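Since every read-out is calculated from the coordinates, none of them should be taken as a lab result. Nothing here was measured: the structure is a model prediction, and the numbers come from that model. Heads up, the Cβs are rebuilt from the backbone with ideal geometry, glycines too, and the neighbour counts pull from every protein chain shown.
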Amino acid sequence: MNFCCDYGYNVIPMVEGLDDIRNVWTAVWMIGLLGLILKGLMDAREKSDSRLLIALAWIVAPLIPASHILALGTVLAERLLYVPSLGYGMIVGLVVEYFVTDTKYGKGDDTPENDAISSSTREKSRNTKFMSLLPVFGVVLAYYSKVIIERNKNWENDTALWKADFKTHPDNVKISTMYTRLLNDAGEYQEAMKISQEKYEMLPDDIGNMIVLAKATAFSGVENGFETAHEILDKGVAIVEGRKWPKSFDFEIFSSKGYLLSKQNRIEEAREFYKKALDMGSKRNPESEKPFCNMGEIEAVAGNWETSVPFLERCANNIRAKKGGTDKDDYVKYLENLVKAYYMSKRYEQVIERAPESLAIRETDVIRRIYDDALKKLAKRREQEAAAGGGGGE
C-alpha cells in the first residue's frame with residue numbers, strides 16, 4: 001500500500017488506451033456493482049430490506065464528483081473516499097450477517113424443518129460462524145494498525161514525508177520538487193540537480209521544479225553553473241510574465257532570480273527582481289513571507305537599514321502568523337535581522353521590545369550585544385532629553 005500526500009501529475013497514470021489492463025478491473029468492478037444493485041432491488045421488493053441499496057448509494061453518490069464526470073478541479077484522493085467508505089462498511093456488515101445466518105433453514109421461517117431445530121442450536125451455529133471470522137478481523141486490524149504506525153512516522157517532519165513519498169512516487173513532479181528542495185537545503189546539490197533535471201525534461205514548464213534545478217545547478221560546482229541557472233530562470237520568468245492569470249506562487253521565480261544575483265553581488269539587479277516578486281506575491285499570496293524577507297535582506301545588504309525595517313517586520317510577522325513560528329529557525333533568523341535593522345537605524349525602543357523575544361528563542365552574542373548597547377544608548381538619549389528639557393525650563 002503506497003500512500004501519497006499529493007496526488008499531482010502522473011501519481012495515478014491516466015488510462016490512454018483500451019489495451020490498459022486496468023480496463024479489465026474497471027469492467028469487473030462495474031459488473032459487480034450492477035450485480036449488487038440488482039440484488040439490492042430484489043431485497044427491497046421481496047423482503048422490504050433496502051440496506052444494500054442504501055450502502056450502494058453511500059458508495060456511488062459521493063464518488064460522482066471525484067470521478068471527473070463532473071468537473072471538480074481536483075484529483076481523486078483519500079479525502080474524497082471517506083464518505084464512500086461508510087457504504088463499504090455497511091456491505092461488509094451485510095456479508096457477515098449473511099455468513100452467520102443459518103440460510104439452510106431460512107431466517108425465522110415458520111416451517112416444520114425449523115421447528116425441529118431448537119433455538120439454542122441455531123444460536124450456537126451463528127456464534128460458531130461468527131467466532132470463525134474473528135481471526136480474519138484480527139489479521140486485518142493488525143495489518144492496518146502496522147500501516148498507520150509506519151505512515152505516522154513519515155509525518156514527523158518534512159524530510160521524512162517527502163523522502164518516503166518520493167521513494168514510492170518518483171514520477172510526481174510536485175513531490176520531487178519538495179524533496180529536491182530539502183536536498184538543496186542540505187547542500188546535496190548534485191543529487192537534487194539529477195532528480196530535478198529528469199523532471200525538467202518531463203515537464204519543462206513547471207516553475208517549482210525550475211527553481212530547484214536552477215539553485216542546484218548554480219551551487220553544484222558544475223562548469224558555468226550560474227550561467228546555466230540564469231538561463232533556466234529566465235525561461236521561467238518568460239513563462240510567468242506571459243501568463244494572463246499568474247498562479248499563487250509564480251512570484252518565487254523572481255525571488256529565485258534575485259537570490260542568485262545577490263549571491264553574485266549584483267545587488268541592484270537583485271533588487272529589481274525582488275521588487276517584482278514583492279509586487280506579484282503581495283497581491284496573489286499576501287500571507288507569504290518570502291517576498292518581504294527578500295526585500296528586507298537586500299535593502300540591509302545595500303546598507304538601507306531604514307528602508308529594510310518595514311519589509312523585515314512584515315516578513316517576521318507573516319512567518320509567526322502562518323507557522324506559529326516562535327520555535328522555528330526561519331522565524332528567529334528574520335527576527336534577528338529585524339533587531340539588527342532596528343539597531344542600525346537607531347530605533348532603540350524597538351530593539352528593546354523585540355530583542356528579548358529573539359534571545360528567548362535563540363541566544364546569540366550579536367543580539368545580546370545589540371540589546372545591551374541599545375539599553376545604554378536609550379538611557380543616555382533620555383538623559384540628554386531630560387537635560388535639554390530642564391535647561392529650556394530655566
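Cα centroid separation, region 196-265 to region 168-186: 15 Å. Which of 222, 170, 293 sits closest to the plus end of the dipole of the chain, meaning its Cα is farthest towards the positive end, when Lys and Arg get +1 and Asp and Glu get -1 on the C-beta? In the chain, that residue is 293. Its Cα centre serving as origin, the chain has a Cβ charge dipole (Lys and Arg +1, Asp and Glu -1) of approximately 600 debye.
Listed as lacking a disulfide-compatible partner in the chain: 4, 5, by the criterion of no other cysteine Cβ under 4.7 Å.
For the pair residue 25 and residue 147, a Förster radius of 22 Å applied to the C-beta separation gives a FRET efficiency near 0.50, rounded to the nearest 0.05.
The charge dipole of region 111-265, taken about its Cα centre with unit charges on the Cβ atoms of Lys, Arg (+1), Asp and Glu (-1) only, comes to about 640 debye. Helix 348-361 and the longest principal axis of the C-alpha atoms of the chain enclose an angle of approximately 40°. If I model region 163-220 as equal point scatterers sitting on the Cα atoms and use the Debye formula, what is log10 I(q)/I(0) at q = 0.19 Å⁻¹? So the normalised log intensities are -0.53. Of 167/235; 247/283; 244/275; 163/290; 247/322; 146/174, which ones are farther than 22 Å apart at the Cα? Violating the 22 Å limit, Cα to Cα: 167/235; 163/290; 146/174. Considering only alpha-carbon pairs that sit under 8 angstrom and 6 or more positions apart, the relative contact order computed for the chain is 7 percent. What the phi angles of region 221-235 give under the Karplus curve with 6.51, -1.76 and 1.60, with θ = phi - 60°, is a coupling list of x, 6, 5, 6, x, 5, 5, 5, 4, 5, 4, 5, 5, 4, 5 Hz, glycine and proline written as x.
The rule of thumb for compact globular proteins, 2.2 N^0.38 Å, goes into the C-alpha radius of gyration of region 177-274 1.01 times.
For region 331-394, the spread of Cα coordinates along the three principal axes comes to 49, 16, 14 Å, biggest extent given first.
Taking the longest Cα principal axis of the chain as reference, the axis of helix 207-219 is set at about 50 degrees. Among the GluC sites (Glu not before Pro) within region 172-209, not one is in coil by DSSP while having at most 11 neighbouring Cβ atoms inside 10 Å. Dividing the convex hull volume of the alpha carbon atoms of the chain by its residue count gives 258 Å³ per residue. When the trypsin sites (Lys or Arg not before Pro) in region 192-300 are filtered for DSSP coil states and for at most 16 other beta-carbon atoms within 10 Å of their beta-carbon, the remaining sites are 243, 244, 247, 266.
Placing one equal scatterer on every Cα of region 232-281 and applying the Debye formula, the log10 ratio I(q)/I(0) at q = 0.13, 0.17, 0.21, 0.32 Å⁻¹ is -0.26, -0.44, -0.65, -1.22.
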